[in-house]
Amino acid sequence: MENINVGIIGLGKMGILHTGILNSFDDVNVVAIAEKEKLMSSNIKKVLKNVNAYTDYQKMFSKEDLDLVYITTPTAFHTNISKDCVESGINFFVEKPLGISKNDCNDLIKLMNNKKDVINMVGYCKHFVDTFAKAKEILDSKILGEPLYLNSHMYVSQLFSKGKGWRYKRESSGGGVLNILATHLVDVLLWYFGDIATVSGSSKSYYSNEVEDFIHSYLTFDKGLEGYLDASWSVRNYRLPEIRIEVQCSEGMLVVNDDCLKYYKDSEEKFTTLYKQDLYSGVEVDIGGPEYTRENRHLVNCVKNNKKSNIDVFYGYKVQCVNDAIYKSAEERKTVDVDYGVI
């Protein structure tokens with residue numbers, strides 16, 4: 001397959017971002033968009049004059065010869081559109097999180113169990129951030145020994161008054177800062193350390209009526225690691241979202257965030273510091289950050305070579321299971337086991 005035809009569903013911030021990146025790839029043709037807001041569609045068509053615009057994505061499916069679809073709608077629509085892609089035999093990308101809840105994702109997972117030939121990916125882009133990828137490499141190498149204990153957070157200065165829009169309504173978002181933002185942190189912790197066994201969470205709403213603005217949880221992992229997750233979109237002095245993970249290991253320690261990686265080896269009695277500029281390898285185009293280009297390039301290559309992505313809906317479902325367990329723990333005020341089974 002030389003060139004692939006892509007359709008975009010939803011022209012919010014992420015839809016426009018992915019459209020811009022994909023349109024810059026020599027081996028990708030963005031051929032169609034589906035967006036109910038005609039103003040957004042007309043604006044895109046001024047730039048991409050050969051793109052066909054639809055208000056109904058199912059009509060786009062029937063009219064276009066699509067190799068890949070990007071689903072960048074509000075969270076509540078993710079699983080239904082994903083199921084339609086599977087049933088139509090169309091490869092797809094769905095922005096994180098996979099759904100508004102574990103139950104919301106169950107039918108999609110059951111369907112995918114019978115149609116695993118549809119290539120898919122969930123938008124957990126931190127796998128493609130240089131510092132986080134290098135930290136994963138170091139932890140896997142065991143040069144710091146075994147991980148023993150961690151502290152982690154995800155903060156941004158986003159909400160200091162009542163929020164407006166679908167992100168602040170539980171029925172359309174599935175939750176607040178955890179499901180919309182800190183799901184990225186849950187993803188990285190699962191990627192680094194494997195399955196989380198139990199959670200003990202607490203949450204607080206201050207600015208929001210329906211969703212949480214602050215979330216905190218103690219985590220235990222199957223492999224014995226323990227530690228904390230803390231997240232808020234109402235913390236001052238964080239202009240951009242920041243993930244920070246500090247891991248105490250048997251033979252050293254590691255601290256990583258979006259911009260920097262620092263680790264200490266007991267045997268050398270010194271810190272090594274690597275900045276993202278030290279690790280940067282370049283991308284075809286940089287719109288919003290190189291991780292988005294790498295993410296899209298990875299999926300395009302998977303589709304062209306008929307290979308499975310490691311960040312597929314089954315993986316995205318595991319992240320959702322952890323999110324749900326933290327919400328349940330916070331509501332019931334007790335420690336909860338994470339159940340990764342499909343209901």
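The values are calculated or read from the model by the stated rules, or taken from the named source; none is laboratory data. All values reported here derive from a predicted model rather than from experimental measurement. In this analysis, Cβ positions are derived from the backbone assuming ideal geometry, glycine residues included, and neighbour counts consider all displayed protein chains. What goes into the accessible areas is simple: the full protein's heavy atoms, side chains included, and nothing from ligands, DNA or RNA. Shrake-Rupley method; radii C 1.70, N 1.55, O 1.52, S 1.80 Å.
Stretch Asp26-Asn103 to full length: gain in nm at 0.36 nm per residue minus the Cα-Cα span? Intermediate results must be reported in sequence, preceding the final value.
On the way: separation 77, 0.36 × 77 = 27.72 nm, distance 3.92 nm.
Value of the extension gain: 23.8 nm.
In whole Hz, with x marking every Gly and Pro, tabulate ³J(HN,Hα) for the stretch 264-278 from phi via Karplus 6.51 cos²θ - 1.76 cosθ + 1.60, θ = phi - 60°.
The phi angles translate into 10, 9, 4, 5, 9, 6, 7, 8, 10, 10, 10, 9, 4, 5, 5 Hz.
Given Gly288, Leu261, Gly12, which one lies farthest toward the positive end of the charge dipole of the chain, if we put +1 on the Cβ of every Lys and Arg and -1 on the Cβ of every Asp and Glu?
Among Gly288, Leu261, Gly12, the one farthest towards the positive end of the dipole of the chain is Gly12.
Given Cβ point charges of +1 (Lys, Arg) and -1 (Asp, Glu) and nothing else, what value in debye, to the nearest 20, does the dipole of the chain about its Cα centre take?
Details: 41 positive and 47 negative charges, 193 e Å.
Roughly 920 debye, rounded to the nearest 20.
Rolling a 1.4 Å sphere over the protein heavy atoms, what is the accessible area per residue of the chain, to the nearest Å²? Write out the running numbers ahead of the final one.
On the way: 15730 Å² over 343 residues.
With all protein chains present, the chain gives 46 Å² per residue.
Would you tell me the accessible area of Phe160, worked out with a 1.4 angstrom probe on the heavy atoms of the protein chains, in Å² to the nearest 10?
Answer for Phe160: close to 80 Å² accessible.
Work out the FRET efficiency for Asn3 and Glu332 from their Cβ-Cβ distance, taking R0 = 35 Å, and round it to the nearest 0.05. Mind dumping the intermediate values first?
Details: r = 52 Å, r/R0 = 1.48.
E(calc), rounded to 0.05, equals 0.10.
Applying the Karplus parametrisation 6.51 cos²θ - 1.76 cosθ + 1.60 with θ = phi - 60° to the phi angles of the stretch 326-335, what ³J(HN,Hα) value in whole Hz is obtained for each residue in order, glycine and proline being reported as x?
5, 4, 5, 4, 5, 6, 8, 6, 7, 5
Tell me the Kirkwood radius of the chain: reciprocal of the mean inverse pair distance over distinct alpha-carbon atoms, in Å. If you can, show how the numbers build up before the last one.
Details: mean 1/r = 0.0479 Å⁻¹.
For the chain, inverting the mean 1/r across all distinct Cα pairs yields 20.9 Å.
Considering the options His78, Val129, Phe92, tell which one lies farthest towards the positive end of the dipole of the stretch 77-139, charges being +1 on Lys and Arg and -1 on Asp and Glu at the Cβ, about the Cα centre.
Val129
Ser205's amide H: which non-local residues (gap 5+, or another chain) put their own amide H closer than 5 Å, with H modeled 1.01 Å from N in plane and none for Pro or chain starts?
The list, which skips near neighbours in sequence, is Asp213.
Less than 17 Å apart at the alpha-carbon level, and either on another chain or at least 8 residues along: which aspartates and glutamates does that give for Lys115?
Lys115 reaches Asp67, Asp84, Glu87, Asp107, Asp312.
Going down the list Lys36/Lys204; Lys63/Lys126; Lys96/Lys328, which pairs span over 23 Å between their C-alpha atoms? Working shown, then result.
Numbers: Lys36/Lys204 34 Å; Lys63/Lys126 34 Å; Lys96/Lys328 20 Å.
Check vs 23 Å cut-off fails for Lys36/Lys204; Lys63/Lys126.
Distance check, please: which entries in Lys45/Lys318; Lys49/Lys102; Lys116/Lys164; Lys102/Lys262; Lys13/Lys318; Lys49/Lys110 exceed 28 angstrom between their Cα atoms?
Details: Lys45/Lys318 37 Å; Lys49/Lys102 40 Å; Lys116/Lys164 38 Å; Lys102/Lys262 35 Å; Lys13/Lys318 26 Å; Lys49/Lys110 39 Å.
Lys45/Lys318; Lys49/Lys102; Lys116/Lys164; Lys102/Lys262; Lys49/Lys110, as the Cα separations exceed 28 Å there.
Quote to one decimal, in nm, the extra length available between Glu268 and Glu137 on full extension: 0.36 nm per residue of separation minus the C-alpha distance between them.
Taking Glu268 through Glu137 to full extension adds about 45.3 nm, to one decimal.
Could you give the nm distance between label points at Val342 and Val47, where each point is 7 Å from its Cα heading toward the beta carbon?
So the two model labels end up 3.7 nm from each other.
Could you tell me the largest-minus-smallest coordinate of the C-alpha atoms of the stretch 113-256 on each of the three principal axes, in descending order and whole angstroms?
Extents along the principal axes, in whole Å: 47, 43, 29.
On the protein heavy atoms, probe 1.4 angstrom, tell me the percent of accessible surface of the chain carried by carbon and sulfur.
On the way: 7210 of 15730 Å².
For the chain, the apolar C and S fraction of the accessible surface comes to 46 percent.
What residues have an amide H closer than 5 Å to that of Ala197, excluding those fewer than 5 places away on the same chain, when H is modeled at 1.01 Å from N in the peptide plane?
It is Thr220, Phe221, Asp222, by chain and number.
Compute the length gained on full extension between Glu146 and Lys223: take 0.36 nm times their separation in residues and subtract their Cα-Cα distance, giving the result in nm to one decimal. Walk me through the intermediate numbers first.
Values: separation 77, 0.36 × 77 = 27.72 nm, distance 0.99 nm.
Length gained between Glu146 and Lys223: 26.7 nm.
Projected area of the stretch 196-288, taken from the Cα convex hull and averaged over every viewing direction, in nm²?
On the way: hull surface 37.8 nm².
Taking the Cα atoms of the stretch 196-288, their convex hull projects to 9.5 nm² on average.
If you plug each phi of the stretch 252-261 into the Karplus form 6.51 cos²θ - 1.76 cosθ + 1.60 with θ = phi - 60°, what whole-Hz ³J(HN,Hα) values come out, in order, with x for Gly and Pro?
Working through the residues one at a time gives x, 8, 9, 10, 9, 9, 5, 10, 8, 10 Hz.
Given only helices, namely DSSP H runs of n ≥ 4 each adding -39500 (n - 2.57), what is the per-residue ellipticity at 222 nm of the chain, to the nearest 500 deg cm²/dmol? Provide the component values of the computation, followed by the final result.
Numbers: 11 runs with 120 residues, N = 343.
Mean residue ellipticity at 222 nm (helix-derived): -10500 deg cm²/dmol.
Along the charge dipole of the chain, pointing to its positive end and built from +1/-1 on Cβ of Lys, Arg, Asp and Glu, which listed residue (Ile311, Asn103, Ile196) has its Cα farthest out?
The listed residue farthest towards the positive side: Asn103.
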